[in-house]
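Note sheet for the following structure.
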Amino acid sequence: MVAVLTTSPVSSRTMTRILPHWTPLALLWAATATLVSCQRDSASATAEPGLPLPGLREQHLAEFHAGRGLFEKVFSADEGLGPFFNENQCSACHTVPASGGTTGFERIVKATRFDEVSGCDLLRREGGENVRTRTTPRLQAHGIERQQLPSRATEIGRFVAPFLFGLGLVEAIPERSILSRADPDDADGDGISGRAGMTPEGRLARFGRKADVATVEDFVESALRLEMGLTTRDLPNDDPVTLTAVADVDTAPDPEVPQSAVRLLAAFVRFLGAPAPAQPRSAAHRDTIAHGRSLFQALRCSTCHTPSMRTGRHSVPALDRRTVALYSDLLLHDMGPKLANTCGPTATPTEIRTGMLMGLRHRDRFLHDGRTSDLREAILAHGAEAQRSRDAFDRLPWGRQEILLKFLRSL
């Protein structure tokens, strides 16, 4: 790959118009030359973590880099941060191994109330969607240091920030491809009954640990609001916890983040390349990985961790009809009491959307809550619909288990 020096096609005037409250950032971004790798149109959708999709057009590449600038921007209370928040920049939770990754130690805390009769209460009025651990100086002056856990909660869940690599490709998978894999009543009798998660508005939800987010832009807006307390056009300042805390602690005009900035942040996430699996170091290593892949299929892990799907027709060529090795069916599955946490709009506490395994080799914490750094322990924590596969893995001789784990560590 040959690096070439190029200036952004987006002018400083344009960036100042897009980001009116952040003119210094706009001028800095427009004035700074960006190192961009020469790319050619390719059927590949993979890239090193943090790099854009191969084959992006100049316009989309400019949006990607502008969005990265916002993703790494540190927000202040004067710009609308808080008054309750967890972090002051997106990349604080998504930084390892590159912007768009995770941290491995940050925990998103959620609280819900669930019963079989009335279903899931997200406890939005009590702040259960995200129990934030920090406050701005204005709120601290009133003696409020953090948000309290809702007293009515029956479940407390802790979640590791997810990898964002390849999410634009996942967003571009046709709904029919996801729905065709659902079997909510286990009609085929295999003990696996994945079902599609839905948003409260009834849209197919392919993102979120509880399958409750429909699009990349929805993900970005909810993170701005719930992680940083920043309002947008579609998520205005209607947070009951903030409004009832203390008056006049958030003086920034709403919306605090313009929609044009939301779109650029979404473009950065949407155009992040999917991480490629490791290249075998030798013929023997290649054979070991192939053997591990065969075991993965033989144990029926691939029933839920679908190895790949294909995007549909898309106006962005880099997202158009590309194969993405996500290793997930994007459906909700009952995983048993060991992995139970909060409920979701259409998910019970024991249901979790199948985790995507692409990029697994870049992670050092596993499962939705990052409870373990041991892949073997992560597998053995599976239950309910995954119990048969879990038990079959447990019965394997240690050496064959290691072969399967080497395959997973290559992803």
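Using Cα centres only, tell me the gap between region 297-328 and region 165-189 in whole Å.
9 Å
I need M198, M335 ordered by Cβ neighbour count within 10 Å, fewest first.
Final ranking by Cβ density, sparse to dense: M198, M335.
Using 20 Å as the Cα-Cα cut-off, could you pick out the over-long pairs in K210/K406; K210/K338; K73/K210? Present the calculation step by step, with values, prior to reporting the outcome.
Working: K210/K406 28 Å; K210/K338 16 Å; K73/K210 28 Å.
Over 20 Å Cα-Cα: K210/K406; K73/K210.
Relative to the Cα centre, what is the charge dipole magnitude of region 283-409, using +1 at the beta carbon of each Lys and Arg, -1 at the beta carbon of each Asp and Glu, and rounding to the nearest 20 debye?
440 debye
Given contacts defined as C-alpha pairs under 8 Å and at least six residues apart, what's the relative contact order of the chain, whole-number percent?
The normalised contact order for the chain reaches 20 percent.
May I ask for the net charge around L122, where only other residues with Cβ less than 12 Å from the Cβ of L122 are counted and Lys, Arg are +1 while Asp, Glu are -1?
+1
If you build the Cα gyration tensor of region 283-409 and take the root of 5 times each eigenvalue, what three semi-axes come out, in whole angstrom, biggest first?
On the way: eigenvalues 113, 101, 33 Å².
In descending order the semi-axes read 24, 22, 13 Å.
Relative to the Cα centre, what is the charge dipole magnitude of the chain, using +1 at the beta carbon of each Lys and Arg, -1 at the beta carbon of each Asp and Glu, and rounding to the nearest 20 debye?
Approximately 1280 debye in magnitude.
Calculate, in nm to one decimal, what S308 and D115 gain on full extension: separation in residues at 0.36 nm each, minus their alpha carbon distance. Display every interim value, and only then the final one.
On the way: separation 193, 0.36 × 193 = 69.48 nm, distance 3.54 nm.
Contour length minus Cα-Cα distance gives 65.9 nm.
Would you kindly state how much longer the chain becomes between R203 and R409 on full extension, computed as 0.36 nm times their sequence separation minus their alpha carbon distance, in nm to one decimal?
70.8 nm
What's the FRET efficiency of R263 with R152 using the Cβ-Cβ distance as r and R₀ = 60 Å, to the nearest 0.05?
0.95
All other residues with a Cβ under 12 Å from the Cβ of P52 taken together, and with Lys, Arg as +1 and Asp, Glu as -1, what is their net charge?
Once positives and negatives cancel, what remains is 0.
In whole Å, what is the distance between the alpha-carbon centres of region 340-411 and region 82-149?
The distance from the Cα centre of region 340-411 to that of region 82-149 comes to 25 Å.
Mean separation of Cα pairs under 8 Å and 6+ residues apart, divided by the residue count of region 283-409: what relative contact order is that in percent?
Here the relative contact order equals 28 percent.
Assigning unit charges at the beta carbon (Lys, Arg +1; Asp, Glu -1) and nothing else, what dipole magnitude in debye, to the nearest 20, does region 86-145 show about its Cα centre?
In debye, rounded to 20, region 86-145 gives about 220.
Taking the dipole about the Cα centre of region 283-409, with the C-beta of Lys and Arg at +1 and of Asp and Glu at -1, give me whichever of L380, T323, G355 is farthest to the positive side.
Most positive-ward Cα: T323.
Exactly which chymotrypsin sites (Phe, Trp or Tyr not before Pro) in region 73-131 are in a DSSP loop and have at most 12 other Cβ atoms within 10 Å?
Sparse-neighbourhood loop chymotrypsin sites (Phe, Trp or Tyr not before Pro): F105.
Under a Cβ-Cβ cut-off of 13 Å, what is the net charge of the residues other than I403 that fall near it, where Lys and Arg count +1 and Asp and Glu count -1? Mind showing how you got there, number by number?
Details: positive: R286, R293, R376, R400, K406, R409; negative: D287, E402.
Spelling it out: positives minus negatives among the neighbours equals +4.
Under a GNM of the chain (C-alpha, springs under 10 Å), which listed residue has the highest mean-square fluctuation: K110, K210, K338?
Most flexible of the set in this elastic network: K338.
Report, in deg cm²/dmol and to the nearest 500, the calculated mean residue ellipticity at 222 nm for the chain, where each DSSP H run with n ≥ 4 adds -39500 (n - 2.57) and the sum is divided by the residue count.
-8000 deg cm²/dmol
Points 7 angstrom from Cα along the Cβ direction at K338 and A284: gap in nanometres?
Inter-label distance under the simple model: 3.3 nm.
Collect residues whose amide H, placed 1.01 Å from N in the peptide plane, falls under 5 Å from the amide H of T231; neighbours closer than 5 in sequence don't count.
So T231 has HN proximity to E256, V257.
Only the coordinates and a few stated rules stand behind these numbers; no lab work does. What you see is a predicted model, and the numbers here were worked out from it, not measured in a lab. Cβ coordinates were reconstructed from backbone atoms using ideal geometry, including for glycine residues, and neighbour counts include every protein chain displayed.
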